[in-house]
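Q: Can you read through this structure? Questions will come right after.
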Amino acid sequence: MRKKIALIGGGQIGQILAMLAAQQEMGDIVILDIPDYLDPIKGKALDLMEMAPHGNYDANITGTSDYKDIAGADVVIVTAGKPRQAGMTREDLLATNIDIITKVAEGVKANAPKAFCIVLTNPLDAMVYMFYKVSGFPKNQVAGMAGTLDTARFRAFLAMELGVSVTDIAGTVLGGHGPTMVPLPRLTTVGGVPLTDIADQALIDRVVERTREAGTEIVKLFGKGSAFFSPAWSAIVMAESYLKDKKRVLPCAALCEGEYGINGLFIGVPALFTAKGVEKIYEITLTDEEKAQLAATVVAVQKTVDECNV
Ligand code: APR
């Protein structure tokens, strides 16, 4: 039997998620959105069914506003909620998106209690925490998509600056999904060569800063709404590693319970993605400077979580 992917939210990111999940033949796809958006969601699902003959995939793709239709989902990917507009921070979305995530977590808990859940809604670290609290799911069953995207952005900017293939750049970004995130140039390699051996400090600083503000750079260009292609692919990579037990090590917002000295927060850390979900968090030995940066990002995430009052 085919796997089932439920996409909660079928807006900009949700529609790209649906297309990528179909093209990757991850399984049948249900896109759930609010009743007011039911017809457009059904239209998007139908459009994707009609893309299948040339897209060369077999998948049943449907649109719904009824949580009963997500029953038995193997994976749930949540993008329900408002995106940023120009001039907004992710934290400005908190009040609106808390209510949405609460309803979504209740709906998923009641109808797809076994699903591995990936949350994209911003402010990410707080919204994935809310989802975890309201659903009551085990911690391995819930992850936030942030570090995978932040790392992709870091790698993309390095490839642009260095004029090398992006596929040869390996590195990671820790911390919250915002300007306090902690890219780790010291541990970044280009085809096995340490980044710090081939790039000067000015280039590294430029790329680190651009990575921290990458989401805002896109929001400014769009004027309305935020990035959707790259967040969608990052979530698909996480979902695929779970569904296919690929055992990928991906940075994501995972619940830390003592790792890195962090307790009870979802925050960006490298994690092992297997058929068990987030099976394990890897701890990196950090320098004092990196530890200080991580401590600052923890303060920022804690502040937003505290405002959720959960
Ligand atoms: N249940 C289901 N869907 C909902 C709900 C809800 N309670 N509330 C809103 N939605 C839907 C909207 O109707 C819309 O179709 O969520 C969708 C969000 O889509 P967009 O507005 O296009 O936003 P998008 O760019 O996809 O971003 C979604 O992800 O990266 C984050 O910051 C971003 O918080 C934002 C989220």
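The values are calculated or read from the model by the stated rules, or taken from the named source; none is laboratory data. Quick caveat, the model's predicted, so the values are computed rather than measured. We place every Cβ from the backbone using ideal geometry, glycine too, and count neighbours over all the protein chains shown. Accessible surface is based on the protein model in full, side chains and every heavy atom, while ligands, DNA and RNA are left aside. Shrake-Rupley method; radii C 1.70, N 1.55, O 1.52, S 1.80 Å.
Q: To the nearest 10 square angstrom, what accessible area does Ser65 show with a 1.4 Å probe?
A: 40 Å²
Q: So, counting K/R as plus one and D/E as minus one, what does the shell of residues with Cβ under 12 Å around Val166 add up to? Show your work: numbers first, answer last.
A: Working: positive: Arg153, Arg155; negative: Glu161, Asp168.
Once positives and negatives cancel, what remains is 0.
Q: Based on the mean of other beta carbon atoms within 10 Å per residue, what is the order of 252-259, 85-92, most packed first?
A: Averaged packing, sorted descending, gives the order 252-259, 85-92.
Q: How fast does the chain diffuse by Stokes-Einstein, in µm²/s, taking the Kirkwood radius from C-alpha pairs at 4 °C and 1.567 mPa s? All intermediate terms of the calculation are to be shown ahead of the outcome.
A: On the way: Rh = 19.5 Å.
For these conditions, the coefficient is 66 µm²/s.
Q: Moving to a separate point now. Once you have the Cα-Cα distance between Lys280 and Asp168, take 0.36 nm times their residue separation minus that, and quote the gain in nm to one decimal.
A: 37.8 nm
Q: How large is ³J(HN,Hα) for each residue in segment 283-298, as worked out from phi by the Karplus curve 6.51 cos²θ - 1.76 cosθ + 1.60 (θ = phi - 60°), to whole Hz, x for Gly and Pro?
A: 9, 9, 6, 9, 6, 4, 5, 5, 4, 5, 5, 5, 4, 5, 5, 4
Q: Using a Gaussian network model of the chain whose springs link C-alpha atoms within less than 10 Å, name the residue from Gly147, Gly11, Gly264 with the highest mean-square fluctuation.
A: Gly264
Q: Let me ask something additional. Enumerate the amide H contacts of Leu184 below 5 Å, restricted to partners 5 or more residues apart or on another chain; note that Pro and chain-start residues carry no placed amide H.
A: Thr172, Leu174
Q: Here's another thing I want to ask about it. With only Lys, Arg, Asp and Glu charged, each at its Cβ (+1 for the first two, -1 for the last two), find how big the charge dipole of segment 227-308 is about the Cα centre; round to the nearest 20 debye.
A: My answer is approximately 420 debye.
Q: Continuing with this model, one more query. Using a ≥ b ≥ c from the Cα gyration tensor of segment 147-307 (square roots of the eigenvalues), is it rounded, prolate or oblate, where a/c under 1.5 gives rounded and otherwise the larger of a/b and b/c decides, a/b for prolate?
A: rounded
Q: Right, another one. Rounded to the nearest 10 degrees, what's the angle between the helix 94-111 long axis and the longest principal axis of the chain, both from Cα atoms, 0 to 90?
A: 50 degrees
Q: What are the residues whose amide H is under 5 Å from the amide H of Thr121, where those residues sit 5 or more places off or on another chain and H is modelled from the backbone?
A: Those lying under 5 Å, H to H, from Thr121: there are none.
Q: With the Cα gyration tensor of segment 187-259 giving a ≥ b ≥ c as the square roots of its eigenvalues, does the rule (a/c under 1.5 for rounded; else a/b larger than b/c for prolate; else oblate) give rounded, prolate or oblate? Kindly include the intermediate steps, with their values, before the conclusion.
A: On the way: a/c = 1.88, a/b = 1.09, b/c = 1.71.
Oblate, because a/c is 1.5 or more while a/b does not exceed b/c.
Q: Restricting to DSSP H runs of at least four residues, report the calculated mean residue ellipticity at 222 nm for the chain, -39500 (n - 2.57) per run over all residues, nearest 500 deg cm²/dmol.
A: Numbers: 10 runs with 137 residues, N = 310.
So the calculated ellipticity at 222 nm is -14000 deg cm²/dmol.
Q: Mind grabbing the accessible area of Asp200 for me, 1.4 Å probe, Å², rounded to tens?
A: Number for this one is 100 Å².
Q: About the Cα centre, and with charges only on the beta carbon of Lys, Arg (+1) and Asp, Glu (-1), how big is the dipole of the chain? Nearest 20 debye, please.
A: Dipole size: approximately 460 debye.
Q: Taking the chain as the reference, fit the longest principal axis to its C-alpha atoms, fit the long axis of helix 124-135 to the helix C-alpha atoms, and give the angle between the two in degrees, 0 to 90, nearest 10.
A: Relative to the chain, helix 124-135 is tipped by roughly 50 degrees.
Q: Here is a further query. Rounded to the nearest 20 Debye, what is the dipole magnitude of segment 147-307 about its Cα centre when Lys and Arg each give +1 and Asp and Glu each give -1 at the C-beta? Working shown, then result.
A: On the way: 16 positive and 20 negative charges, 111 e Å.
Roughly 540 debye for segment 147-307.
Q: Skipping prolines and chain starts, which residues have an amide H placed within reach, meaning under 5 Å, of the one on Gly63, given they are 5 or more residues away or on another chain?
A: Ile31
Q: Shifting gears a bit: Taking K and R as +1 and D and E as -1, what net charge do the other residues with C-beta under 9 Å from the C-beta of Ser65 add up to?
A: Working: positive: none; negative: Asp33, Asp36, Asp66, Asp69.
It works out to a net charge of -4.
Q: With the chain treated as a Gaussian network of Cα nodes joined by springs under 10 Å, which of Val173, Val299, Val78 yields the largest mean-square fluctuation?
A: Sorting by GNM fluctuation, first place goes to Val299.
Q: Moving on to the next point. Can you give the convex hull volume of the alpha carbon atoms of segment 4-146 per residue, in Å³? Intermediate results must be reported in sequence, preceding the final value.
A: Values: hull volume 14.8 nm³, N = 143.
Each residue corresponds to 103 Å³ of Cα convex hull volume.
Q: Here's a follow-up. What percent antiparallel are the DSSP beta bridges of the chain, to the nearest 5?
A: 55 percent
Q: Could you sort His177, His54 by accessible area so the largest value comes first, with the probe set to 1.4 Å?
A: Solvent-accessible surface, decreasing: His54, His177.
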